[in-house]
Amino acid sequence: MDAVSEPKPVRKAVEYKSVQTLRAVGAILVALMHILFFYGDSMKYIGGEAPLMSRFYSFQGWAGCGVQIFFVISGFIMAYLNAIGETDSFRDFAMRRITRVVPLYWILTLFWAYVCFAPGTFPISRVLESLFFIPRLDNTAVLGPGWSLNFEMFFYAIFGLITLVFRASFLWVAMLFVVFNVLGQVTGFYVFDHYSDPIVWNFIAGIAIYHVHRLPWALRESRAIFVAGVTLLVSAIFWHKPDKTFGLHQFMAWGVPSMLVVFGAVSMEAAGHGRRLFGNRVMLELGNASYALYLVHTICFVGVSNVLLYHLRIQHFVGPDLAVIVYLAVCCLISIAVHHLVEKPSTRYVRKAVSWIKRLSTPRAGTAAIDS
């Protein structure tokens, strides 16, 4: 690892509409999966048929592939931001990632903990584990989707250290995951085992995709790559029966096709293809609100289901499948509102506070460094 101090070349920022569209797709799939499970549980209490789509082979669980898509995108975006020189210091990089992820997640986690736990039973240690992205043995978080943020934040930390502190190739990020796998096998320590699951290779794939997606052969074959990825991913509905564990079987069924989907999509956009496919305004808006949708849809189980399923009983009028679609659409609208009214303002305020603290802690020009 050569600690080179030369500044990175700054490239022109590029808007990847394909990435925003795939973010929307990933969030919608995860929300749909959880809504289908929750809907089925609700019918046990209020009566009614289960949605047909939940009985379509493994469709209900298959929608969890959205997380794999997210992880590939995360790797791609980190490589992209590093290439355009978003920041040249690990401290600034860490602050950008923390202020992007933490504000909305903390707000919703604390709200969900308040709603779910009765007075006197508030599990402070478990809430703190969720807030500070500490993985649990059962891989759960207070706010359900929070488990994946543990992987995200770990990847951000590793990526920042390798690329900004040691100024080394991203291949060392992959090497570190290999080391964690070996340590997990040797020591049996659950943290090493947790962070060496094959799902982490989606991050590495995303980085690699950024570096090759504009090569001539990738541009030429972009549509074929995208179609192959979509075909393989959809075919998994018929032959892959997902469970709550990860492992190689889940990675091969969802991770590899997700890599091809992202690879094909960004290469298509770079080649000037797919403008209509990736330019839909609704999907782009949902892409912007995808983080909010990913986090807030579980909270919607309390309010939205109470109104739509328990009071209005729309499932009796439109049928179970359409009721699920209406449910999902309402969650999407709520997520857009949360994105604009909560996520963006909270992120902006936190970043202003961090910037203010940074200015206070930075010595003014011309002052004597007495303590040095």
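I need to check one value: relative contact order of the chain, counting alpha carbon pairs closer than 8 Å and at least 6 residues apart, in percent. Walk me through the numbers before you get to the answer.
Numbers: 449 pairs, mean separation 102.9, N = 372.
Taking the mean separation of contacting Cα pairs over the length of the chain, I get 28 percent.
Got the relative contact order for region 222-341 handy, in percent, Cα pairs under 8 Å and 6 or more residues apart? Walk me through the numbers before you get to the answer.
Values: 82 pairs, mean separation 31.8, N = 120.
Over region 222-341, the number comes to 27 percent.
By average Cβ neighbour count within 10 Å, what is the ranking of 332-340, 251-259 from highest down?
Numbers: 332-340: 18.8, 251-259: 22.0.
Ranking the peptides 332-340, 251-259 by packing returns 251-259, 332-340.
May I ask for the angle, rounded to the nearest 10°, between helix 17-46 and the longest principal axis of the chain, with both axes built from Cα atoms and the value confined to 0 to 90°?
Tilt relative to the chain: about 40 degrees.
When the Karplus curve 6.51 cos²θ - 1.76 cosθ + 1.60 is applied with θ = phi - 60°, which whole-Hz ³J(HN,Hα) does each residue of region 159-173 get, with x for Gly and Pro?
Per residue, the Karplus-derived 3J(HN,Hα) values read 4, x, 5, 5, 8, 10, 8, 8, 6, 10, 5, 4, 4, 5, 5 Hz.
Please order PHE226, PHE38, PHE76 by the number of other Cβ within 10 Å, starting at the fewest.
Details: PHE226 23, PHE38 19, PHE76 28.
Ordered from fewest to most neighbouring Cβ atoms within 10 Å, PHE226, PHE38, PHE76 come out as PHE38, PHE226, PHE76.
In whole Hz and in residue order, list the ³J(HN,Hα) couplings for region 178-188 that follow from phi through the Karplus curve 6.51 cos²θ - 1.76 cosθ + 1.60, θ = phi - 60°; x for Gly and Pro.
Once rounded to whole Hz, the list reads 5, 4, 4, 5, 5, 4, x, 5, 7, 8, x.
With θ set to phi - 60° and the Karplus curve 6.51 cos²θ - 1.76 cosθ + 1.60, what are the ³J(HN,Hα) couplings of region 228-236 in order, to the nearest whole Hz, using x for Gly and Pro?
4, x, 4, 4, 5, 5, 5, 5, 5
Each value in this text was obtained by applying a stated rule to the coordinates, not by laboratory testing. Bear in mind that the values here come from a model prediction, so they are computed numbers and not experimental data. No Cβ is skipped: glycine too gets one built from the backbone with ideal geometry, and neighbour counts run over all protein chains shown.
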